Amino acid sequence: VQQLESLNEVETEKVILAIFQHGWLIRNRLSLYSSLGNHTVAECVGLIMAGAVFKDQYPSRDWIDIGVKLLEQECRHQILDDGGPVEQSFSYHRFVLDLYWLVIHFLTDNNLHDCSQMLRRVEKGEEFLRTIQHKKESLPMIGDSDDGFALAPELVPRRGTEGGSKFSDLVVLPDSGYSVFRGGKGLRLIFDHGPLGMEPLNNHGHADGLSVFLSVGDKDFFIDPGTYQYNGDPDLRRYFKSTQAHNTVCINQADQACQLTGFIWDHSYSISWDKRVDEHGCTEIEAVLDGYVKQNIPVYHKRAVRLGKKNDVTIKDTFDGRGIHEYALYFHLHPEVEVRQHDHGLSLVNGDVELFLQIDDENVSVVKGGKDTNLGWYSPEYGVREATNTIKVIKKGRPEKTSFLSLIQLVT
């Protein structure tokens, strides 16, 4: 209210009435039950701030109490024990954490609530993002994103102090399901072996099981193509959420789960994983996905990822099951990556950084985005789509006789 002193009495009353009406509407239309998520967090932040305007007047104390209660509940739900996002969306995780920072400072500065429990959980979330991102590296566009902000694009709340983060050769985040490999010269490989999204609807998750993201310093190579948009073009919405749009294997041109709507999934998959050290002292993560089996395609997809001591990455895909099927391996490239084809592989060049990729198959194709294909598209921000290159390899056969071996070497 102190910020409204320049308004006249009539204008002030209108603003205060609008705040009250907005608080009343939120309190009576809270996102609960299956809709619990980032919507609930945003609503509760508004409810608490509206309640604080009226201090101890009825029903403001109820607004603050219910807002705090739900925020504490959702803090444990939204932020997993390893600090990762239950919705499997990095963009929404940043949004939720900033909302929590905003309300923690507000409640603490106004002596309205002891936020120490929420603070510890939010700090875990910040450590997760620092582990994934590391300094000024890009944050992969895993899961949905609508480019929303808690405040504004260039205005963020105080996010606490920079804590110590884990930048070892390999960090496994077991609850959210990511392994972060780090090599020399800034090489970073993220392996996604986590769930589809937040049950039961998995609204903001993408069918990206066993996908990888690869960058060197600030140069992105294997990317997550992003979201593009929620409405307007159902086919493109389906594509950007699909398995085909991620750096993994698509079987029989099907997704790893069933898209019911633009947001809701059915037959959600699960992934089991294991960590082991090979004879050379290099750690390998192996994970198995059951999504196709749940959709009556009797094939388990197994992927093993290893970072060698010479900045060499090995990705091995094998399968277990029955029948004859089509297997399509995809690697989606950042638009700035130039592809040069050689007899024995592909040179991938982004600025002054070069990778060499070998795949154990002669039929390696590179598809550029265009009007005749959904492949080869990248969405750097909401509503924006630009053409890029996608590496594609297709094999057909029985699961036990089919595999892909992808070798990646950092050249410069």
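Just checking, does segment 128-140 include any residue being outside any helix (DSSP H, G or I), at pLDDT 90 or above and either touching a strand residue (DSSP E or B) at 6+ places or on another chain (Cβ under 7 Å) or not aromatic (F, W, Y) (or both)?
First, pick out the residues of segment 128-140 that are outside any helix (DSSP H, G or I): 134-140.
Narrowing the set further to residues that are at pLDDT 90 or above leaves 139-140.
Checking the rest, the ones that are also either touching a strand residue (DSSP E or B) at 6+ places or on another chain (Cβ under 7 Å) or not aromatic (F, W, Y) (or both) come to 139-140.
Yes, segment 128-140 contains at least one residue that is outside any helix (DSSP H, G or I), at pLDDT 90 or above and either touching a strand residue (DSSP E or B) at 6+ places or on another chain (Cβ under 7 Å) or not aromatic (F, W, Y) (or both).
Here are A245, A207: which of them is open to solvent by less than 10 Å² (accessible area, probe 1.4 Å), of a type outside the set (S, T, N, Q), at negative phi and in contact with a Pro (Cβ under 7 Å, 6 or more places away or on another chain)?
Numbers: A207 fails: in contact with a Pro (Cβ under 7 Å, 6 or more places away or on another chain).
When all the criteria are applied, what remains is A245.
So which pairs qualify, if the first residue must be in segment 345-368 and of a type outside the set (D, E), the second must be open to solvent by 50 Å² or more (accessible area, probe 1.4 Å) and not in a strand (DSSP E or B), the Cβ gap must be under 6 Å, and the two must be at least 6 apart or on different chains?
Here the result reads N350/E336; F356/V411, each pair linking segment 345-368 to a residue that is open to solvent by 50 Å² or more (accessible area, probe 1.4 Å) and not in a strand (DSSP E or B).
Does any residue in segment 31-44 that is closer than 15 Å to E199 by Cα and of a type in the set (A, V, I, L, M, F, W, C) come within less than 6 Å, Cβ to Cβ, of a residue that is assigned to a helix (DSSP H, G or I) and at pLDDT 90 or above six or more places away or on a different chain, and which pairs are these?
Short answer, once both residue conditions are applied: none.
Quick check on my filter: what residues within segment 341-359 are modelled with pLDDT of 90 or more and either in a loop (DSSP other than H, G, I, E, B) or on the phi > 0 side of the Ramachandran plot (or both)?
Applying the first criterion (modelled with pLDDT of 90 or more) to segment 341-359 yields 345-359.
Correct list: G345, G351, D352.
Could you check segment 248-274 and list, in sequence order, the residues that are among the charged types (D, E, K, R), at pLDDT 95 or above and either loosely packed, with under 14 Cβ neighbours inside 10 Å or in a strand (DSSP E or B) (or both)?
Within segment 248-274, the subset among the charged types (D, E, K, R) is 255, 266, 274.
Among the residues that remain, those that are also at pLDDT 95 or above are: 255, 274.
Passing the criteria: only D274.
Taking the stated definitions as given, is S91 open to solvent by 30 Å² or more (accessible area, probe 1.4 Å), under 30 Å from S379 (Cα atoms) and hydroxyl-bearing (S, T, Y)?
yes
Just a yes or no: is a residue in segment 276-296 open to solvent by 60 Å² or more (accessible area, probe 1.4 Å), modelled with pLDDT under 95, within 29 Å of D169 (Cβ to Cβ) and charged (D, E, K, R)?
Taking every residue of segment 276-296 in turn, at least one turns out to be open to solvent by 60 Å² or more (accessible area, probe 1.4 Å), modelled with pLDDT under 95, within 29 Å of D169 (Cβ to Cβ) and charged (D, E, K, R).
Can you tell which of V364, V337 is of a type in the set (V, I, T) and either open to solvent by 40 Å² or more (accessible area, probe 1.4 Å) or modelled with pLDDT under 95 (or both)? Talk me through it step by step, then tell me what you get.
Values: V337 fails: either open to solvent by 40 Å² or more (accessible area, probe 1.4 Å) or modelled with pLDDT under 95 (or both).
Exactly one residue qualifies, and that residue is V364.
Yes/no matrix, rows are residues, columns are (1) buried (at least 17 other Cβ atoms within 10 Å of the Cβ); (2) at pLDDT 95 or above; (3) within 14 Å of the chain's Cα centre (by Cα):
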site: I142; (1), (2), (3): yes, yes, yes
site: P153; (1), (2), (3): no, no, no
site: P157; (1), (2), (3): yes, no, no
site: K166; (1), (2), (3): no, no, no
site: L173; (1), (2), (3): yes, yes, yes
site: K185; (1), (2), (3): no, no, no
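In segment 367-388, which residue that is farther than 11 Å from Y228 by Cβ and open to solvent by 30 Å² or more (accessible area, probe 1.4 Å) is modelled with the lowest pLDDT?
Filtering segment 367-388 down to residues farther than 11 Å from Y228 by Cβ leaves 367-373, 375-376, 387-388.
In the following step, the residues that additionally are open to solvent by 30 Å² or more (accessible area, probe 1.4 Å) were identified as 367-368, 371-373, 387.
Details: V367: 94, K368: 93, K371: 76, D372: 73, T373: 76, A387: 95.
Once the filter is applied, the top-ranked residue is D372.
Looking at the structure I just gave you, is Q73 free of Cβ contacts under 8 Å to residues at least 12 places away in the same chain, open to solvent by 20 Å² or more (accessible area, probe 1.4 Å) and closer than 28 Å to I271 by Cβ?
On the way: free of Cβ contacts under 8 Å to residues at least 12 places away in the same chain: yes; open to solvent by 20 Å² or more (accessible area, probe 1.4 Å): yes; closer than 28 Å to I271 by Cβ: yes.
For Q73, the condition - free of Cβ contacts under 8 Å to residues at least 12 places away in the same chain, open to solvent by 20 Å² or more (accessible area, probe 1.4 Å) and closer than 28 Å to I271 by Cβ - is met.
Take S60 and decide whether it is touching a helix residue (DSSP H, G or I) at 6+ places or on another chain (Cβ under 8 Å), without any contact (Cβ under 8 Å) to a residue 40 or more places away in the chain and hydroxyl-bearing (S, T, Y). Steps first, answer last, please.
On the way: touching a helix residue (DSSP H, G or I) at 6+ places or on another chain (Cβ under 8 Å): yes; without any contact (Cβ under 8 Å) to a residue 40 or more places away in the chain: yes; hydroxyl-bearing (S, T, Y): yes.
So S60 passes the test.
Taking into account only those residues within segment 275-308 that are more than 21 Å from N247 (Cβ to Cβ) and in a strand (DSSP E or B), which is farthest from the chain's Cα centre (by Cα)?
V277
The values are calculated or read from the model by the stated rules, or taken from the named source; none is laboratory data. Since the structure is predicted, the reported quantities are computational estimates derived from the model, not experimental observations. Counting neighbours? That spans all protein chains shown, and the Cβs are built from the backbone with ideal geometry, glycine included. Keep in mind that these areas ignore ligands, DNA and RNA; they rest on the heavy atoms of the full protein, side chains included. Shrake-Rupley method; radii C 1.70, N 1.55, O 1.52, S 1.80 Å.
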